[in-house]
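Please read the structure below before turning to the comments.
Bear in mind these aren't lab numbers, they're just calculated from the coordinates by the rules spelled out. Being a predicted model, the structure only gives us computed values, none of them experimental. Virtual Cβ from ideal backbone geometry, glycine too; neighbours counted across all protein chains shown.
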Amino acid sequence: MAGDAGLEATPVAAPFSPTLAARPHSSVFDIPIDLGQPDEMLREITSWVGHGGPPRRVMYVNAHVVNQSRALAELAGALAHADLVYCDGYGVRLAARALHLAVPHRMTGADWIWSLAGLCERNGRSLYLLGSDPPVARQAASRIQRWHPDLDVCGAHHGYFPLDSPHHERVIEDINERRPDIVLVGMGTPKQELWVDRYADRLDVSVCWTVGALFDYVSGRTPRAPRWLADNGLEWIFRLGIEPRRMWRRYLLGNPVFLSRVYAQARRRHNGGAGA
């Protein structure tokens, strides 16, 4: 299609993190995506608590994140700096198959949050929720605490502040005062990835983990798609149906752009061209 040459114009802005490079991964559009099973990745992430170095960074990719990373070099760089990047979308799995790469497992937040809460509860790890709007962040924290009463959910703060505003200083102070082990950052892409990339090293925590709209699901504000849709890669249809004004650009415009990128990349690989 016209403009194919521009689809892959944005390079990854930095080398992969040493932690990520040491783990088996599949490089989809220059993003190294972990190939571990979800339970394996959860154990790995929670094992980083107390490691003593700068916070480890955990991020996810789906078709929307890939699209944004091709347009925004700072986001591509944030993903490259992550210690673990996992797949949260069937589009990425489809791309890996089309490009004849190892296909990563899908790990979606609305499922793994309860496994993470259980692991943290058993091992005495604490969580802090940063993102969404004030009632939703608190409601999500309360619901997690209700189902895991011995888990220390030590704080929650909304994510409605600009990246460059003075408010982020208050957020950093609050997190450092509470000293959680793991901070879940749900501000949407690219804001959450850029926030972690800019400010993680100022936090007295072990792990910073971007989680998208997770708190909306945990709080009950946003319903989940029926299992048969989610299991067949059609969850986006449900999300579009319940939030058409917010999601139409992501799915009705973004999905074709993503598929065109997959097609262009597959064609170059088949022809043995640059970027294969």
Estimated distance in nm for a label pair at ILE237 and ALA73, the labels positioned 7 Å out from Cα along Cα-to-Cβ: 4.1
Lys and Arg at +1, Asp and Glu at -1: add these up for the other residues within a Cβ distance under 15 Å of GLU40 and post the number. -2
Formal net charge of residues neighbouring ASP197 (Cβ-Cβ distance under 10 Å; K, R +1; D, E -1): -1
A student asked for the Cα radius of gyration and Dmax of the chain in angstrom ought to give 18.3, 57
Between ARG146 and ARG249, the FRET efficiency computed from the C-beta separation at R0 = 22 Å comes out, to the nearest 0.05, as 0.05
If I model a spin label at SER27 and HIS167 as a point 7 Å from the Cα along the Cα→Cβ vector, what separation in nanometres do I get? 3.9
Net charge near PRO104, counting Lys/Arg +1 and Asp/Glu -1 over other residues with Cβ under 13 Å of its Cβ? +1
Antiparallel %, DSSP beta bridges [both residues in the chain], to 5: 15
Given labels modelled 7 Å from the Cα in the Cβ direction, how far is it in nm from ASN176 to ARG267? 5.1
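Using mean Cβ contacts within 10 Å as the protection proxy, how do 168-177, 28-37, 139-148, 225-234 order, highest first?
28-37, 139-148, 168-177, 225-234
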Once you charge only the Cβ atoms, +1 for Lys and Arg and -1 for Asp and Glu, what is the size of the charge dipole of the chain about its Cα centre, to the nearest 20 debye? 820
Subtracting the Cα-Cα distance of ASP39 and ASP111 from 0.36 nm times their residue separation yields 24.8 nm
